[in-house]
1. Mind checking the dipole of the chain: about its Cα centre, +1 per Lys or Arg Cβ, -1 per Asp or Glu Cβ, Debye to the nearest 20?
2. Just want the answer: with Cβ charges of +1 for Lys and Arg and -1 for Asp and Glu, which residue in V168, Q215, N236 is farthest toward the dipole's positive end in the stretch 123-248?
3. Can you pull out the GluC sites (Glu not before Pro) in the stretch 113-201 whose DSSP state is coil and whose Cβ has at most 16 other Cβ atoms within 10 Å?
4. Over 10 Å intervals from 0, what percent of Cα-Cα pairs in the stretch 40-115 sits in each interval?
5. Under a point-charge model restricted to the Cβ atoms of Lys and Arg (+1) and Asp and Glu (-1), what is the dipole moment magnitude of the stretch 149-292 relative to its Cα centre, in debye to the nearest 20?
6. Output the direction-averaged projected area (hull surface divided by four) of the convex hull of the alpha-carbon atoms of the chain, in nm².
7. I'd like the Karplus ³J(HN,Hα) series for the stretch 179-189: coefficients 6.51, -1.76, 1.60, θ = phi - 60°, whole numbers in Hz, and an x wherever there's a Gly or Pro.
8. Per residue of the stretch 24-30, in order, report the coupling 6.51 cos²θ - 1.76 cosθ + 1.60 (Karplus, θ = phi - 60°) as ³J(HN,Hα) in whole Hz, putting x for Gly and Pro.
Amino acid sequence: MHKIRINMLSNADKVHGQGVGSAYLEQVALIKNELNEFFDVVINDSKPADIIHCHTILPQYLMKMKRNKGVNVAYVHFLPDTLDGSIQLPSSALTVFKKYITHFYNTADYLIVVNPIFIKDLVHFGIDENKIKYIPNFVSKETFYKQENEKVIQTKKQYQIQPTDFVVLGVGQVQTRKGVKDFIEVAKMLPDVTFVWAGGFSFGKITDGYEELKQLYENPPHNVHFIGIIPRETMNDIYNMADMLFMPSYNELFPMSILEAINSQKPLLLRDLELYEDILFKKYLVANNNEGFAEMIQKLKNDQSFYQKYQNASFEISQYYSKEHVKEMWKDFYLKIADK
């Protein structure tokens, strides 16, 4: 049997602390290790391939797609609109960048979205619906899993956190759209709870709201720990150290941190965004404002049966996003497009 050659084009793992990099590493490992009887995977290769799969939107990848005689696939890791609140550029530069993204997506033969809600947004940007395919992210249960209590206490000690502290974790780049300011405001309302944010300024000074966020980052309230960008290999320790994941983001596609946290069965508290409904099956807690967030955190901290309910809910979500389920979706997709 002729193996289908797939050239994965990416620099997603060059910038640390980005979910895009995590998603890329998981997907490539899945195809390479689990589907190697069908596919021959190469990374950033210059030779011809049956399928080019772009994980990032660099201009050199656009040129490769234009020259490619095989099939071109591109991952949609952000929509032009999600740039607002992420990076700060002059409006003229932002307009040009948004046009470039749309052009890049239009050049691909197929687009992969990690959340079905974004299909209609892409159509709105002038992209043909027939070339958009939904395949969710997934997280390896070998990399992210529930740890023993001794290990959890050890990690808490490393970050000067008491073994009995109730720990609320936020994960992501320090950006306005991630709701970092809300995270801090909620922490101020709950002085007896420990708040930890894992992530930093991956885009440096062009991060939206950089100056103000840098001030907060360097002078947080006493119960807030900014622990910076954590290498992916040690993120499982951070999830296990936490009692829950709190993501007050205003805008996301499908945060990898949610998939990573549910593997260690952490309850989820999220902003009430439509995008979560279809992918998390309403098995999470929501609020719309900081008072609501604070109330939910208090309830999880003080009500054991309530906590257990949402711990089980996270476990149920993690079963759906299993490696086996997603592997079959990729296999069917690649075989079908290569056949065409």
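What follows draws every value from the coordinates through simple rules; no lab data is involved. Note that this is a predicted model, so its numbers are computed, not measured. Glycine also receives a Cβ, built like all others from the backbone with ideal geometry; neighbour counts cover every protein chain displayed.
1. 900
2. Value: N236.
3. Answer by residue number: E142, E148.
4. 17, 48, 26, 9, 0
5. Here the size comes out at about 260 debye.
6. Taking a quarter of the hull surface, the average projection is 17.1 nm².
7. Working through the residues one at a time gives x, 4, 5, 5, 4, 5, 4, 5, 4, 5, 6 Hz.
8. After applying 6.51 cos²θ - 1.76 cosθ + 1.60, I find 4, 4, 5, 5, 5, 4, 4 Hz.
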